1. Taking the Cα centre of the stretch 106-238 as origin, sum charge times position over the Cβ atoms of Lys and Arg (+1) and Asp and Glu (-1), and report the length of that vector in debye to the nearest 20.
2. Can you tell me what the convex hull of the Cα atoms of the stretch 96-245 projects to on average, as an area in nm²?
3. Once you keep just the Cα pairs under 8 angstrom separated by 6 or more residues, what percentage relative contact order results for the stretch 96-245?
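Rule-based calculations on the coordinates, nothing more; no lab input. Values in this document were obtained by computation on a predicted structure and should not be read as measured data. Every residue, glycine as well, gets a Cβ built from its backbone with ideal geometry; the counts of neighbours run over all protein chains shown.
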Amino acid sequence: MEGGPGLATLRWRFLRKLWPWFFLIGLLGLIRWSKGSGFADFYAVMKRPFWPGPAQREWVEKAVQLEQQVKLKLLEEDNQRLRKLLSLQNSSVDGIVSAPVISRYSKGWWQQLQLGQGSISGISVGDAVLGPGGLLGVIHSVTPTTARVRLLTAHASRIGVWVIQAKSHGVLVGMGTTRPQLNFLVKDPKVKPGDLVSTSPASTILPPNLPIGVIQTINNQALPAPTATVQLIAPSEAIDWVQVKKSS
């Protein structure tokens, strides 16, 4: 009587049936461990002889066109900015002095600016400093060739202002942040977000009716009267030249 298959033969047959599963499990583990990078590299190598195809060439051409459009747009914006600066530099007439911004304070650009014109050019303490869009601040100190501007956002800044639509007076107070606070003088100023803020038409310290900003939010719960945050029109962080309106 012939004996049946040996134990070793049975084990071999069993393992031969299971090896595809071991291979599949190992392959999935490799994919998970490598996060598919090996297959991506293999695909790239296999595809390289066919690159660039029609679709890929079209993508590259569109990318180049988009890059050229962006560069052209940036050049146009820079050209417009330089034209404005040139116009500003040539406008020192009728009590207005054009001055370059020669430095900003890195720890608080919203507090002060240093100008490259001073008392020799007729600039004095208290003069209004204007940028494209409206009032930036007031001359705080001067030397013969330089002047320091206290911006409307600085802690010590306080000026009387006028809300045009509501015909309401208030005091614009610098908070040391990018947006000053408007303190109203009455309990019901009848203002709303979007209203324009200017220097007071009755001001004797600053030129009247200079645009300043726009009301952003209103706090009607503040005491003794409501307050508002104001978004300034003239962006001090992006201005290279200013105009100083001499008070005398």
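1. Using Cβ point charges on Lys, Arg, Asp and Glu, the stretch 106-238 gives about 200 debye.
2. So the Cα hull casts an average projection of 8.2 nm².
3. The value is 25 percent.
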